[in-house]
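Trainee: My questions will all concern the structure given below.
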Amino acid sequence: MIPDMPMPSKFTSLPPELLQTHPALSLLRLAALSAGPDGRLDDETLELMFTQVATGALVGMVAADAWPELVRGLMARTPSNMFRTLYACGALSVVLPDVAAVFGVPQIADDPPQVDIGQHLLRVLDEAARCGAPLPVRFAAMAMHVGKSDSPPEHLPIHYRHVERGRPRIEAMCARFDVPADCRELALLALVECERVHRVSEIRAGPVAAMLERLGAFDRPQHFTQLMMLCACDYRAYPRRTTHDYPKASLLDIALKACAAIDEIGLSADGLQEARAAAIAVAFGSERWSNSQT
């Protein structure tokens, strides 16, 4: 569940365009506005929204038309408020059912030993807003855990095979809302790689070289930068880490700089990968290859 929080601000008037749109879009606009500088909605407005949802205001909503309102909230100052508003009025499970389903699901952490995935997701989104992250980072933060909602209870707080469950859900969400390709691509990359980045180690250089290639560090630097921003936000969203630098970003930066010094002329793909591993091994003072995968 999303816990109740103070409702400091009341919207005394609505933008005129809200009176002329599908009621679902009006609800989403109000939820998005609650993520902005005016703060969360008052109880009276939430009660009205709840009544509208209960009486079918979301019926017939075209998801692609709703996407701009979700973007408005995701890109606002406190994105978590949009999700709290949607939850409070009963709309979250209708608009974003896969996201709503992760609230109340535990995930392993270190201190405390586990966290609620949904609550963690809200902290990641607010950290992304604090860092001025672009839309692909914020969308990926919202979407990358959707495969964990129905992990077998006996395995919790571990989530085996969540990538296989999450991929079709992210793809379906992107198709439903007509999400831009860069948002879709980063969400799918984060689904597979974010937890791997958190575990990356300087002990073996070969897996680090392979990871940099998978993450697009050599041929899609913007993609790589956005994923690292997301991973840093995810790291700082855990309790007791809010003011910490992300150590894995520094580690991968050292590796990437080591690879930049390689003369790639005449090298085959395998030869280039070997040269990168060797350069990273020197930079790390570590071994080059290992049978284990990062």
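Trainee: Sort out which residues of the stretch 129-154 are of a type in the set (A, V, I, L, M, F, W, C) and either farther than 17 Å from R84 by Cα or at pLDDT below 95 (or both), and write them in order of number.
Mentor: Our first condition is that a residue be of a type in the set (A, V, I, L, M, F, W, C); within the stretch 129-154, this holds for 129, 131, 133, 135, 137, 139-144, 146.
Answer for the stretch 129-154, where residues must be of a type in the set (A, V, I, L, M, F, W, C) and either farther than 17 Å from R84 by Cα or at pLDDT below 95 (or both): C131, A133, L135, V137, A140, M144, V146.
Trainee: Within the stretch 217-237, work out how many residues are among the aromatic types (F, W, Y) and within 16 Å of A129 (Cα to Cα). Break it down into steps so the answer makes sense when it comes.
Mentor: First pass over the stretch 217-237, keeping only residues among the aromatic types (F, W, Y): 218, 224, 235.
From what is left, the residues that are within 16 Å of A129 (Cα to Cα) are 235.
Residues meeting the conditions: 1.
Trainee: Give just the number: which of (1) touching a Lys or Arg at 6+ places or on another chain (Cβ under 9 Å); (2) open to solvent by 10 Å² or more (accessible area, probe 1.4 Å); (3) under 23 Å from H145 (Cβ atoms); (4) not charged (D, E, K, R) does M82 not satisfy?
Mentor: Tallying (1) touching a Lys or Arg at 6+ places or on another chain (Cβ under 9 Å); (2) open to solvent by 10 Å² or more (accessible area, probe 1.4 Å); (3) under 23 Å from H145 (Cβ atoms); (4) not charged (D, E, K, R), M82 fails exactly one: (2).
Trainee: Check the stretch 132-140 and report whether any residue there is under 30 Å from E44 (Cβ atoms), over 12 Å from the mean Cα position of the chain (by Cα) and not polar (S, T, N, Q). If you could, list the steps in order and put the result at the bottom.
Mentor: At the first step, the residues of the stretch 132-140 found to be under 30 Å from E44 (Cβ atoms) are 138.
With the extra rule that they be over 12 Å from the mean Cα position of the chain (by Cα), the set shrinks to none.
Within the stretch 132-140 (the criterion being under 30 Å from E44 (Cβ atoms), over 12 Å from the mean Cα position of the chain (by Cα) and not polar (S, T, N, Q)), the answer is no, since none of the residues qualifies.
Trainee: When residues of the stretch 62-79 are filtered for being among the hydrophobic types (A, V, I, L, M, F, W, C), free of Cβ contacts under 8 Å to residues at least 60 places away in the same chain and buried (at least 18 other Cβ atoms within 10 Å of the Cβ), how many remain? Can you show your working first?
Mentor: First, pick out the residues of the stretch 62-79 that are among the hydrophobic types (A, V, I, L, M, F, W, C): 62-64, 66-67, 70-71, 74-76.
Okay, now just the ones that are also free of Cβ contacts under 8 Å to residues at least 60 places away in the same chain, so 62, 76.
Going one step further and asking which of them are buried (at least 18 other Cβ atoms within 10 Å of the Cβ), we end up with 76.
Qualifying residue count for the region: 1.
Trainee: Within the stretch 185-206, take every residue that is farther than 21 Å from I117 by Cβ and buried (at least 20 other Cβ atoms within 10 Å of the Cβ) and give me the one that is modelled with the lowest pLDDT. Please lay out each step first, then the result.
Mentor: Kept after step one, since they are farther than 21 Å from I117 by Cβ, are these residues of the stretch 185-206: 185, 200-206.
Keeping just the survivors that are buried (at least 20 other Cβ atoms within 10 Å of the Cβ) gives 200, 204-206.
Details: V200: 93, R204: 86, A205: 91, G206: 92.
Ranking the qualifying residues of the stretch 185-206, first place goes to R204.
Trainee: Yes or no: R240 out of contact with any Lys or Arg (no Cβ under 6 Å at 6 or more places or on another chain), in contact (Cβ under 8 Å) with a residue 60 or more places away in the chain, on the phi > 0 side of the Ramachandran plot and not hydroxyl-bearing (S, T, Y)?
Mentor: Numbers: out of contact with any Lys or Arg (no Cβ under 6 Å at 6 or more places or on another chain): yes; in contact (Cβ under 8 Å) with a residue 60 or more places away in the chain: yes; on the phi > 0 side of the Ramachandran plot: yes; not hydroxyl-bearing (S, T, Y): yes.
Judged against the criteria, R240 is a match.
Trainee: Also, I was wondering about something else. Check off (1) open to solvent by 60 Å² or more (accessible area, probe 1.4 Å); (2) basic (K, R); (3) modelled with pLDDT of 95 or more for R169 and give me the number that stays unchecked.
Mentor: Only one criterion is unmet by R169, namely (1).
The values are calculated or read from the model by the stated rules, or taken from the named source; none is laboratory data. Predicted model, so just to flag it, every value in this text is computed and none were measured. Here the Cβ is made from the backbone with ideal geometry for all residues, glycine too, and neighbour counts use every protein chain on show. What goes into the accessible areas is simple: the full protein's heavy atoms, side chains included, and nothing from ligands, DNA or RNA. Shrake-Rupley method; radii C 1.70, N 1.55, O 1.52, S 1.80 Å.
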